[in-house]
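No lab work stands behind these numbers, since they all come straight from the coordinates. The model shown is predicted, which means the values in this text are computed figures rather than measured ones. Glycine also receives a Cβ, built like all others from the backbone with ideal geometry; neighbour counts cover every protein chain displayed.
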Amino acid sequence: MTAQWTTADIPDQSGRVAVVTGANTGLGYETARALAKRGAAVVLAVRNVAKGEQAAARMTGDVTVQALDLTSLDSVRTAAAALRSRFDRIDLLINNAGVMYTPRQATADGFEMQFGTNHLGHFALTGLLLDRMLPLPGSRVVTVSSTGHRIRAAIHFDDLQWQRSYSRVGAYGQSKLANLMFTYELQRRLASHGTTVALAAHPGVSSTELARNTPAALRLPITWLAPLLTQTPAMGALPTLRAATDPAALGGQYYGPGGRNEVKGHPRLVTSSPQSYDVTLQQRLWTVSESLTGVTFPVPLSV
């Protein structure tokens, strides 16, 4: 195992199909670009098709665009149907897209924006595409979380949509904690199949458009400290790419930057918060997510 894992360590991806959400900019763009460069047929699943096509034009390899708005379950279903009609196999699903610290907003389905986009949209998409992955040994679902899953984070089952009160930071933490709980529960369900695996990753602190909704009081200090505390999107994408392609990676693992406090650096195995490993909470979240999205996975929990 190399101590300084880079894109040079990505094995040949020829013949594989990869779907990357939010791939027109930032971490998603760098993830998609690296996979395409190594031979994968990559689909940029993006809300803005024009921006997706512009991004695809800057990449080399087999790159196409699929409209996907994770804030709408109708859009998620339409995109999944289109992908299923285009591909009889999907080797990699990279659940990368996300929003952070948004003002109080609701998705088209009435979900709190961060929980609805970051967790429920990806939960539904994964469930609708999973049968294209299950027959394929080596197929992987990689969901991008954040160190924010530790900050004021809990699954507020009594008020998942933050209707009684709203905290930008708390809602983001809930959504990123949900990403991890989803990954761990999905891996538990996939284990008996022996083909597809689920992993998670986080980018540390990367300079991307994700931070555009940072509260004003934090914006100036972050701007001053950014050169010291952030890394490029290309570096931030490495944990995702390692989780997606490293032959040694195993289902249920979590990758992040190897530097101090996992802020930046080359990717390595990391651990998430104790709360994220709570099986009872994982299973409760799964049941609620199926109910809210109307999506049932073809991998029931083994008793």
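Can you say what percent of the DSSP beta bridges in the range 7-292, counting only those with both residues inside, are antiparallel? Round to 5.
Close to 15 percent.
Specify the inter-centroid distance of the range 116-142 and the range 94-110, based on alpha-carbon positions, in whole Å.
Using only Cα atoms to place each centre, the spacing works out to 18 Å.
Between residue 301 and residue 193, what length comes free when the chain is fully extended (0.36 nm per residue of separation minus the Cα-Cα distance, one decimal in nm)?
Extra length available between residue 301 and residue 193 comes to 37.7 nm.
Given labels modelled 7 Å from the Cα in the Cβ direction, how far is it in nm from residue 50 to residue 14?
Here the modelled spin labels are 3.8 nm apart.
Starting with the fewest neighbours, write out 290, 112 ranked by other beta-carbon atoms found within 10 Å of each beta-carbon.
Fewest to most other Cβ atoms nearby, the residues stand as 290, 112.
Which shape class applies to the range 77-140: rounded if a/c is under 1.5, otherwise prolate when a/b exceeds b/c and oblate if not, where a ≥ b ≥ c are the square roots of the Cα gyration tensor eigenvalues?
Prolate.
Let me know the shape class of the range 7-292, please: from the alpha-carbon gyration tensor, a ≥ b ≥ c as square roots of the eigenvalues, rounded when a/c is under 1.5, otherwise prolate if a/b is greater than b/c, or oblate.
In terms of gyration-tensor shape, rounded.
Just going by the charge dipole of the range 22-180, with Lys and Arg at +1 and Asp and Glu at -1 on Cβ, which of 72, 46, 59 is farthest out on the positive end?
Projecting each Cα onto the dipole axis, the largest value belongs to 59.
Computed FRET efficiency, Cβ-Cβ of residue 280 and residue 151, R0 25 Å: what is it to the nearest 0.05?
0.65
What aspartates and glutamates could a cross-link reach from residue 37, if we take a straight Cα to Cα line under 13 Å and drop same-chain neighbours fewer than 8 places away?
Cross-link targets: 9, 12, 62.
Choose one of 118, 229, 160: the residue whose Cα lies farthest towards the positive end of the charge dipole of the chain (beta-carbon charges +1 Lys, Arg; -1 Asp, Glu; about the Cα centre).
Result: 229, furthest along the dipole toward the positive end.
Label the range 1-151 by shape, choosing from rounded, prolate and oblate, from the square roots a ≥ b ≥ c of the eigenvalues of the Cα gyration tensor; if a/c is under 1.5 it is rounded, and otherwise prolate applies when a/b is larger than b/c, oblate when it is not.
prolate
Would you mind working out the magnitude of the charge dipole of the chain relative to its Cα centre, with +1 at each Lys and Arg C-beta and -1 at each Asp and Glu C-beta, to the nearest 20 Debye?
I would put it at about 480 debye.
Quick check on the chain: helices-only [θ] at 222 nm, where DSSP H runs of length 4 and up contribute -39,500 (n - 2.57) each and the sum goes over total residues. Nearest 500, please.
Result for the chain, helices only: -11000 deg cm²/dmol.
Return the single residue from 62, 158, 88 with maximal mean-square fluctuation; model: Gaussian network over the chain, springs between Cα atoms under 10 Å.
Answer for the Gaussian network model of the chain: 158.
Find out how many positive minus negative residues lie around residue 147, taking Lys and Arg as positive, Asp and Glu as negative, among other residues whose Cβ is under 9 Å from that of residue 147.
+1
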